[in-house]
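FYI, it's all coordinate maths here, none of it is from the lab. All figures in this text were calculated on a predicted structure; none of them were measured in a lab. Ideal geometry is used to build each Cβ from the backbone, glycine not excepted, and the neighbour counts take in all protein chains shown.
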Amino acid sequence: MPIKQVFAYYDWQRHQAFDGFKYCPFCQARLVLVESGQQPRPTCPSCGFVQYKNPLPAVSILIANNNKVLLGKRNSSPGKGQWAIPSGYIEFNDDFISTAIQETKEETGLEVEIKSILNVISSFFSPSFHFLVIYVEAHIVAGEPVAGDDLDEVKWFPVSGPLPEMAFQEDIDMLDMHARKELVGLPIDSRYACQSIKETGYGQ
């Protein structure tokens, strides 16, 4: 199947809700909508602050072993009660490789080595959730799967299926391509594959 990199669960181009600030976080003046970059943006008429609404950056970690893939049952929105590839938000002061290692440890109890970048996708899940997700492949270094953080349960499923009720279509597509051996990953900088970039000198 051809690789897919944009997933839409609703018509985001016609329903661009903006649930931003009502008042300026710097001078407390009431924000007004001003056309900027071909769309209206909350803007402060006093100090000029403009609130931009950007996608939420996240990383998803595909962990396969002996023709099985590790999935987690989510305990929060979006996709609460459904299954997904382990994932997490990338914080402003962190990098995606460190995030992948940390989120895997927090959600599954596993220590992993990040092997490759598999895909980058835009996911328009709802007016409140627009994700930019980096999919990476990881190999287990140590530990046993134990659910933690945003997951109620972790479990191995056959790569070829059947899969449980999945939260995200993009996960289904990625697992299908993995089962068909159609994924060709971009190598990860080996200096950071098993540890935080912060521990290795901030990318220097």
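Between the Cα long axis of helix 169-179 and the first principal axis of the chain there is an angle of about 30°, rounded to the nearest 10.
Considering only PRO162, PRO42, VAL6, the residue lying farthest towards the positive end of the dipole of the chain is PRO42, judged by Cα position with unit charges set on Cβ. Taking amide hydrogens as placed 1.01 Å from N in the peptide plane, the amide H of TYR135 sits under 5 Å from those of SER60, LEU118, ASN119, VAL120, ILE121, each at least 5 positions away in sequence or on another chain. Annotation: amide H of MET166 within the under-5 Å range of TRP83, sequence separation 5 or more or interchain, hydrogens built in the peptide plane.
Can you figure out the FRET efficiency of ASN67 with SER36, using R₀ = 45 Å and their beta-carbon distance, to the nearest 0.05? Let's see the in-between values first.
Values: r = 51 Å, r/R0 = 1.13.
So, using R0 = 45 Å, E works out to roughly 0.30.
Against the chain, whose longest principal axis is taken from its Cα atoms, helix 96-108 shows a tilt of about 60°.
If you count Lys pairs in the chain whose Cα atoms are under 23 Å apart, skipping same-chain pairs closer than 8 places in sequence, the total is 20. May I ask which residue of ILE63, SER128, ALA100 lies farthest towards the positive end of the charge dipole of the chain, with charges of +1 (Lys, Arg) and -1 (Asp, Glu) on Cβ and the Cα centre as origin? With unit charges placed on the Cβ atoms, the residue in question is SER128. What shape does segment 70-133 take by its C-alpha gyration tensor, where a ≥ b ≥ c are the square roots of the eigenvalues and a/c under 1.5 counts as rounded, a/b above b/c as prolate, and the rest as oblate? Oblate, since a/c reaches 1.5 and b/c is not below a/b. Residues whose amide H lies under 5 Å from that of PHE7, counting only those 5 or more places away or on a different chain, are SER122, SER123, PHE124; hydrogens are built 1.01 Å from N in the peptide plane.
The gain in end-to-end length when the PHE21 to SER77 segment is fully stretched comes to 18.0 nm, 0.36 nm per residue minus the alpha carbon separation. Distance from a point 7 Å along Cα→Cβ of GLU106 to each backbone N in segment 149-174: keep the residues under 15 Å and list them by number. The answer is 149-152, whose backbone nitrogens lie closer than 15 Å to the label point.
What shape does segment 56-200 have by the C-alpha gyration tensor, where a ≥ b ≥ c are the square roots of the eigenvalues, rounded means a/c under 1.5, and otherwise prolate means a/b greater than b/c and oblate the rest?
Numbers: a/c = 1.28, a/b = 1.14, b/c = 1.13.
Rounded, because the longest to shortest axis ratio a/c is under 1.5.
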